[in-house]
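Below you'll find the structure, written out as structure tokens, and then a few comments.
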Amino acid sequence: MNSTADLHPPADHTPYRWTGAGGPFTLLLSPEVFTPSSTSRVLADTIRVAPGDTALDLGCGCGVLSFAALNLGAGRVIGSDISTASIRCALDNADRLGVTDRAEFRIGHLLDAVRDERADVIIADVSGVPDALAAATGWFPDGRGGGPSGAELPSAMLSGIDELLTPTGRVYLPTATLQAEEAVLDAAHAVFGDRMSEVARREFPLPQSVTDAPEVAKLVDTGMLQLTRRGSRLTWRLSVWECRRQ
């Protein structure tokens with residue numbers, strides 16, 4: 001895969017250097033597209049990709065995890081996102097990286113754009129924080145998260161996701177204490193039963209400016225967000241679950 005570090009981006013695009021698993025490579029990000037996060041890095045570190053695997057990247061954004069999966073051995077990757085700007089960005093990055101013969105990107109809500117596919121690996125990273133937290137953090141360009149509790153969008157995604165897997169396929173699902181996590185896990189268990197294992201767990205600090213926001217404080221007070229105090233900082237916990245079809 002080519003680096004693209006020497007490209008001259010359009011005036012409103014920003015070069016982003018990915019140095020996580022499957023890197024390094026450089027992407028161009030437009031202002032309307034989600035910037036790769038700590039969750040992106042943990043997922044890339046965690047996913048198992050065998051040579052020639054077909055991978056689906058749900059909520060692909062700029063395509064970073066799609067390109068990482070290719071570098072980790074996937075033979076083909078299909079990314080999907082409801083954001084037209086994200087798909088345009090991912091297609092442009094695929095062209096710049098020289099992988100358009102192996103990377104495809106489609107516009108669609110959750111599973112709608114990929115129901116005709118069967119994958120060995122599904123990267124299931126859609127917006128999963130409460131809308132109020134998304135608005136307070138500015139993490140998402142459109143200011144929206146995964147629903148009032150952060151569990152609504154990922155739970156809807158999980159319905160029928162097993163039908164997109166090959167018999168030995170697996171889903172990599174992130175959950176966090178920044179959402180109504182038990183609701184997401186209940187939805188996953190309804191599909192996969194006990195064929196789930198936690199394969200990664202990390203803690204990250206939440207910026208003071210975020211925890212001080214009144215709407216975030218209300219989510220903490222109601223118990224929807226489960227934060228842990230480490231000295232003077234509040235932290236949140238990310239888990240990645242490997243969910244197997246059989």
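The values are calculated or read from the model by the stated rules, or taken from the named source; none is laboratory data. For clarity, every value in this text was computed on a predicted model and none was experimentally measured. Cβ coordinates were reconstructed from backbone atoms using ideal geometry, including for glycine residues, and neighbour counts include every protein chain displayed. Note: areas computed on protein heavy atoms with side chains; ligands, DNA, RNA excluded. Shrake-Rupley method; radii C 1.70, N 1.55, O 1.52, S 1.80 Å.
Among residues of the stretch 190-208 that are at negative phi, those with a beta-carbon under 6 Å from a residue that is among the polar types (S, T, N, Q) at least six positions away or on a different chain give the pairs GLU198/SER239; VAL199/THR46; ALA200/THR46; ARG201/SER239; GLU203/THR235; PHE204/SER38; PRO205/THR235. On the given criteria, is ALA113 in a helix (DSSP H, G or I), touching a residue at least 12 places away in the same chain (Cβ under 8 Å), under 21 Å from TRP241 (Cβ atoms) and among the aliphatic types (A, V, I, L, M)? The answer is no for ALA113. Take VAL210 and decide whether it is within 21 Å of SER40 (Cα to Cα) and either in a strand (DSSP E or B) or touching a Phe, Trp or Tyr at 6+ places or on another chain (Cβ under 8 Å) (or both). The answer is no for VAL210. Scanning the stretch 73-83 for residues that are farther than 16 Å from HIS13 by Cβ and among the hydroxyl-bearing types (Ser, Thr, Tyr) gives a single hit, SER80. Within the stretch 46-87, if we keep just the residues that are out of contact with any Gly (no Cβ under 9 Å at 6 or more places or on another chain) and modelled with pLDDT under 95, the residue that is nearest to ILE161 (Cα to Cα) turns out to be THR84.
When restricted to residues that are more than 17 Å from the chain's Cα centre (by Cα), part of a loop (DSSP other than H, G, I, E, B) and crowded, with 18+ Cβ neighbours inside 10 Å, the stretch 135-160 contains 1. Across the stretch 187-200, the qualifying residues are those that are touching a strand residue (DSSP E or B) at 6+ places or on another chain (Cβ under 8 Å) and small (Gly, Ala, Ser), and the one among them that is surrounded by the most Cβ atoms within 10 Å (Cβ to Cβ) is ALA188. Here the condition is being open to solvent by 30 Å² or more (accessible area, probe 1.4 Å), farther than 25 Å from LEU65 by Cβ and modelled with pLDDT of 90 or more; of GLU203, GLU163, GLU182, GLU215, it holds for GLU182 alone.
Would you mind finding the one in THR235, THR222, THR177 that is open to solvent by 20 Å² or more (accessible area, probe 1.4 Å) and of a type in the set (S, T, N, Q)? Lay out the reasoning, then the answer.
Values: THR235 fails: open to solvent by 20 Å² or more (accessible area, probe 1.4 Å); THR177 fails: open to solvent by 20 Å² or more (accessible area, probe 1.4 Å).
Only one candidate passes the filter, namely THR222.
Pairs, please: C-beta under 6 Å, at least 6 apart or cross-chain, first residue closer than 20 Å to PHE34 by Cβ and in contact (Cβ under 8 Å) with a residue 40 or more places away in the chain and in the stretch 146-170, second open to solvent by 20 Å² or more (accessible area, probe 1.4 Å) and polar (S, T, N, Q)? Partner pairs satisfying both residue conditions: LEU153/SER127.
Looking only at the stretch 31-78, which residues are over 27 Å from ARG237 (Cβ atoms), open to solvent by 10 Å² or more (accessible area, probe 1.4 Å) and assigned to a loop (DSSP other than H, G, I, E, B)? Residues satisfying the conditions are PRO31, GLU32, ALA50, PRO51, GLY52, ASP53, GLY73, GLY75. Of everything in the stretch 90-101 that is open to solvent by less than 10 Å² (accessible area, probe 1.4 Å) and out of contact with any Gly (no Cβ under 7 Å at 6 or more places or on another chain), the residue that is farthest from LEU29 (Cα to Cα) is VAL99.
Only one of the numbered conditions (1) open to solvent by less than 50 Å² (accessible area, probe 1.4 Å); (2) touching a strand residue (DSSP E or B) at 6+ places or on another chain (Cβ under 7 Å); (3) modelled with pLDDT of 95 or more is violated by GLU104, and that is (1).
Quick check on the stretch 12-29. Is at least one of its residues in contact with a helix residue (DSSP H, G or I) (Cβ under 8 Å, 6 or more places away or on another chain), closer than 29 Å to ARG244 by Cβ and in a strand (DSSP E or B)? So far as the stretch 12-29 goes, yes, one or more of its residues are in contact with a helix residue (DSSP H, G or I) (Cβ under 8 Å, 6 or more places away or on another chain), closer than 29 Å to ARG244 by Cβ and in a strand (DSSP E or B).
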